[in-house]
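Okay, structure first, notes after.
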Amino acid sequence: MNRNQQYERVFNHFDRNGDGKISPAELHLCLGLLGGEISAEEAETVVVLMDSDGDGQLGLDDFVRLIEKTEEEEKVRDLREAFKVYEMEDGSGCITPRSLKRTLSKLGEKKTVDECTSMIARFDLDGDGVLNFEEFRVMMS
């Protein structure tokens, strides 16, 4: 089953009345059944934001955009958590050669500071010798 078929299958599950659209009430109900925490008001807001034809409901294309946007937000959240593991302990918002060495050492991979400097240099887009979150994001993609 390809990705589009999976989206359509989930869409059809959410479309409780089978009218080819997902109303805010259907979105709220189905997300609740799946363990999602979304209020009726939040469901209404999501539908308003994602509704491309202004009918107050989500068509399949709107639903696919919503799922993909949610997946992208989750990826960014996960990357931020991973970034925090590598960043300096002082919360400076960057990965230095020393913080990279320290984290890799904790993970059982021994590298010198010079090796870590070389690793960082490959993705250091602004040339400041450290990785900020955006550079880390590029590295991880």
- Condition broken by Leu34, with the remaining ones in (1) of a type in the set (A, V, I, L, M); (2) surrounded by fewer than 15 Cβ atoms within 10 Å (Cβ to Cβ); (3) at pLDDT 90 or above satisfied: (3)
- Among residues of region 33-73, those that are outside any helix (DSSP H, G or I), in contact (Cβ under 8 Å) with a residue 12 or more places away in the chain and either closer than 24 Å to Asn132 by Cβ or of a type in the set (Asp, Glu) (or both), counted: 1
- Show the residue pairs that are 6+ apart or on different chains and have beta-carbon atoms under 8 Å apart, the first residue being within region 102-124 and in contact (Cβ under 8 Å) with a residue 12 or more places away in the chain, the second being in a loop (DSSP other than H, G, I, E, B). Leu104/Lys110; Leu104/Lys111; Thr117/Gly129; Met119/Lys111; Ile120/Thr96; Ile120/Gly129; Ile120/Val130
- Message: Can you tell me how many residues within region 8-28 are surrounded by fewer than 18 Cβ atoms within 10 Å (Cβ to Cβ), of a type outside the set (A, V, I, L, M, F, W, C) and part of a helix (DSSP H, G or I)?
- Response: 4
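The values are calculated or read from the model by the stated rules, or taken from the named source; none is laboratory data. All values reported here derive from a predicted model rather than from experimental measurement. For neighbour counting, all protein chains shown are included, and Cβ atoms are generated from backbone atoms with ideal geometry for every residue, glycine included.
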